[in-house]
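Before any comments, here is the structure.
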Amino acid sequence: MPKTNNRKNEHVSLSEKFYDQGHSSFNDIKFVHHSFPRRDVLDINLSVSLDNLQFSSPFFINAMSGGSEWTGKVNEKLATIARETDLAMATGSVSAALKDPSQAGSFKIVRQTNPHGLVFANLGAGHGLENAKRAVDLLGADALQIHLNAPQEIVMPEGDREFSNWIENLQSIVNGLPLPVIVKEVGFGMSRETVALLESIGVKLIDISGKGGTNFARIENYRRKDFKLDDFEEWGQSTVVSLLEAQESVKSASIIASGGIRRPMEIVKSLALGASINGLSSQIMHMALDDVDEAILTINHWKEEIKRIMTLLGAESIDDLRKTDIIISGATADWCEARNIDKSRYAFRSKTL
Ligand code: FNR
């Protein structure tokens, strides 16, 4: 790993340093086992279609890398994995390349490595329509992600302190960009109110990116040289809570799950909680930094494992997973009670299968 003091390098190396330290909210979710699956493994279909984007698997590589020489090399590894496993892939925020064109290559490498794959560009909500178009053009992207990361900016020593223009910016991008727009958090989760607000301005793809994996308050706190802001490290809603919150208000938008998703069982649990697809970041980064060939093998095994779990659950398609019976316990159950989420609604769904 490089020794230079570059924010993008530090984000990747610190996410790896803190890899797998989050508490998994997925432990609060259990499937009810029924003894007759009524499906064969060969019947299972993993494909997902979202806003004209076709995915062959219910997970993709979420935004992480680019903006420096080393993170360009990391992007090449991630894009190789994406190409060989047919996963969609988002780059990290391309704002570095919009400010400094000499960094463009660290993002373009993704399209060069994977010319026919689904590629998403990424920008912060401080940007307007013009930069959104530049970001998409830079990559020949199939969609644009806009990230909401207020707690990260607040803890970041050099972070933004102005957020009042975010909704206006988003609205102009959603209205003016002729491509799907995904609005995502970065590991702090979403509330039902946020999901409703996003839908009200026309957002169709919402990634609730919850707490439980990469913790950007911790990463930015570690980067601080002066006084620390430890309490922010607890900020935010878990991925499971965010998915349950989203179900309380979502109308027709598709919900994407991310944040601390590391295993096939967690992918399936997210889908059963109403997500249409899952974004994985630090887990895939961890595997890519270790061994790209091994990562490709593992991801292909995951696809088979997801099919086996779905078979046991009697779910032939990703949509069928929403008819599985789920028990919600622990801190997630406490949250449901405090926010009037009827958890018994999830416990008796398979009678409609
Ligand atoms: C990120 N993430 C991120 N998100 C985003 O929208 N734009 C970005 O530039 C970045 N950069 C970034 C760098 C690194 C090294 C990591 C690990 C993550 C956030 C990411 O997409 C995701 O929302 C969170 O990391 C939660 O998922 P995981 O890591 O817990 O799977």
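Taking H placed 1.01 Å from N in the peptide plane, check which residues at least 5 places from residue 277 or on another chain put their amide H under 5 Å from its amide H.
Residues meeting the criterion, in which the H sits 1.01 Å from N, are 257.
With both bridge residues required to lie in region 2-352, what share of the DSSP beta bridges run antiparallel, to the nearest 5%?
20
I want to check the label-to-label distance for residue 137 and residue 290. Put each point 7 Å from Cα in the C-beta direction and report it in nm to one decimal.
4.1
How would you rank 207-217, 151-161, highest first, on the average number of other Cβ atoms within 10 Å across their residues?
Packing proxy ranking, top to bottom: 207-217, 151-161.
What FRET efficiency do you get for residue 231 and residue 197 if R0 is 22 Å and r is their Cβ-Cβ distance, rounded to the nearest 0.05? It would help to have the intermediate numbers written out before the result.
Values: r = 26 Å, r/R0 = 1.18.
Rounded to the nearest 0.05, the efficiency is 0.25.
Amide H to amide H, which residues 5 or more places from residue 147 or on other chains are under 5 Å from it, using H placed in the peptide plane?
Long-range HN contacts for residue 147: 123, 124, 125, 184.
Starting at the first residue of region 300-317, write each ³J(HN,Hα) from the Karplus equation 6.51 cos²θ - 1.76 cosθ + 1.60 with θ = phi - 60°, in whole Hz, x for Gly and Pro.
So the J values, rounded to whole Hz, are 5, 5, 4, 4, 5, 5, 4, 4, 5, 5, 4, 4, 4, 8, x, 10, 7, 10.
Rounded to the nearest 500, what is the chain's calculated 222 nm mean residue ellipticity when only DSSP H runs of at least 4 contribute -39500 (n - 2.57) each, over all residues?
-12500 deg cm²/dmol, from helical runs alone.
Apply the Karplus parameterisation 6.51 cos²θ - 1.76 cosθ + 1.60, with θ equal to phi minus 60°, to every residue of region 103-116 and state each ³J(HN,Hα) to the nearest whole Hz, in sequence, with x for glycine and proline.
Each residue's phi maps through the Karplus curve to give 8, 4, x, 5, 9, 4, 4, 5, 6, 5, 6, 10, x, 9 Hz.
For the chain, what does the accessible surface come to per residue with a 1.4 Å probe? Please give it in Å². Walk me through the numbers before you get to the answer.
Values: 15570 Å² over 353 residues.
About 44 Å² of surface per residue is accessible.
Can you pull the one-decimal nm distance between simple spin-label points at residue 150 and residue 40, each 7 Å off the Cα toward Cβ?
With each label placed 7 Å out from Cα toward Cβ, I get 5.3 nm.
How big is the shadow of the Cα convex hull of region 74-171, averaged over all directions, in nm²?
The Cα convex hull of region 74-171, projected and averaged over all directions, gives 6.6 nm².
If you consider only alpha-carbon coordinates, what radius of gyration and Dmax does the chain have, in Å?
Just the Cα atoms of the chain yield Rg and Dmax of 19.3, 60 Å.
Express the carbon and sulfur contribution to the solvent-accessible surface of the chain as a percent, rounded to the nearest whole number, probe 1.4 angstrom.
49
So between residue 167 and residue 32, what do we pick up on full extension, going 0.36 nm a residue minus the alpha carbon distance?
Going from the current span to full extension adds 44.5 nm.
The values are calculated or read from the model by the stated rules, or taken from the named source; none is laboratory data. Because the structure is predicted, anything quoted here is derived from the model rather than measured. Heads up, the Cβs are rebuilt from the backbone with ideal geometry, glycines too, and the neighbour counts pull from every protein chain shown. Accessible surface areas use protein heavy atoms only, side chains included; no ligands, DNA or RNA. Shrake-Rupley method; radii C 1.70, N 1.55, O 1.52, S 1.80 Å.
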